[in-house]
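I have placed the structure first, in the form of structure tokens, so that the comments after it can refer back to it.
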Amino acid sequence: MRITVVTPTYNEAENLPKLVSALFSLPLDLHVLVVDDNSPDGTGKVAEELAAKYPDRIEVLHRPGKMGLRSAYLNGFQKILDGSTQAIVQMDADFSHDPAALLDMARLLESFDVVLGSRYTEGGSVDKQWPVWRKRLSAFGNFYAKSILGLPLHDVTTGFRMWRSETLKQMPFERIQSNGYVFLVEMAYLAHCLEFKIGESPIYFADRRFGKSKMSLKIQVEAALRIWQVLWNYRDLKKTGKSARL
């Protein structure tokens, strides 16, 4: 199965070569699309050097500046969905998502339409070095989102996901409005509303190895408020019990 990893980058010059090396060491048919938002640290240049080194396995999509997580992924999906890839991975470039977890996720995808790398299912966990307040905030944010939306999943805020290409082709991208991290929740909720089969594979979520985290309390508070907007935007699917693909 040909799998393409889409990884948005902003100031990941130190991480990207290490990530590519770790990915290509796996016994999978992996390809990488780097979506770089004109990183000041030269990540785009590093990505191009890697693409020259692996001309058939790495592509780079350059964007003029920081345009948000939603457009980074949607631009990436649209670029590769017309190709021959059979599965698409959403993955951070900072090693908070362990590349080795893709092995179990790929096996599980044989039975599901999308597989979530889950921190809160049995066997999953978050960084052992996190302070208690951060662990509780992360767990509460996830519980809050899935409770409001009625999602029968353990981890709806995870950014580590593997989709069947055919599943993504049936997702109505034009309806997705959320920016930032709530975009991840909206994607999971939309897949649930369309009755796609969603699996969860346990992962260990590590704090980033290098660089500075882009997550902040402001981002998390904004995401909490926007969950209600997601619920409202798809009320038509919930009211009709719609199972047909849009």
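Think of each Lys and Arg Cβ as +1 and each Asp and Glu Cβ as -1; about the Cα centre, that makes the dipole of the stretch 2-240 roughly 700 debye. By the combined test of axial Cα extent (at least 18 Å) and Kyte-Doolittle hydropathy (mean at least -0.5), the qualifying DSSP H helices of the chain come to 132-149, 217-233.
For the stretch 76-153, run through the trypsin sites (Lys or Arg not before Pro) and keep only the ones in DSSP coil with at most 10 other Cβ atoms within 10 Å of their Cβ.
LYS128
Restricting to Cα pairs below 8 Å that are 6+ residues apart, what does the relative contact order work out to for the chain? Please round to a whole percent. Mind showing how you got there, number by number?
On the way: 428 pairs, mean separation 55.8, N = 246.
Relative CO of the chain lands at 23 percent.
Scanning residues 5 or more positions from SER39 or on other chains, those with amide H under 5 Å from its amide H are ASN11, GLY44, with H placed 1.01 Å from N in the peptide plane. The length gained by stretching the chain between SER84 and SER111 to full extension, at 0.36 nm per residue less their Cα-Cα distance, is 7.7 nm.
If you take every DSSP beta bridge whose two residues both sit in the chain, what share of them, in percent to the nearest 5, is antiparallel?
The antiparallel proportion sits near 25 percent.
Note on the chain: GNM, Cα springs under 10 Å; of LEU184, LEU69, LEU28, the largest mean-square fluctuation is that of LEU28. Charge tally for ASP41 (other residues, Cβ to Cβ under 9 Å; Lys, Arg +1; Asp, Glu -1): -2.
If each residue of separation counts as 0.36 nm, what is the full-extension length gain between ARG235 and GLU174 once their alpha-carbon separation is subtracted?
Working it through step by step, the gained length comes to 20.4 nm.
For the residues SER21, SER178, SER71, a GNM of the chain with alpha-carbon springs under 10 Å puts the largest fluctuation on SER21. Using a/c under 1.5 as the rounded threshold, could you call the stretch 91-160 rounded, prolate or oblate? The axes a ≥ b ≥ c are square roots of the C-alpha gyration tensor eigenvalues, and prolate needs a/b larger than b/c, oblate otherwise. Verdict is oblate for the stretch 91-160.
Here, each number is a calculation from the coordinates, and none is a lab measurement. Keep in mind the model is a prediction, meaning the values are calculated, not measured. Reconstructed Cβ throughout: ideal geometry from the backbone, glycine too, with neighbour counts over all protein chains shown.
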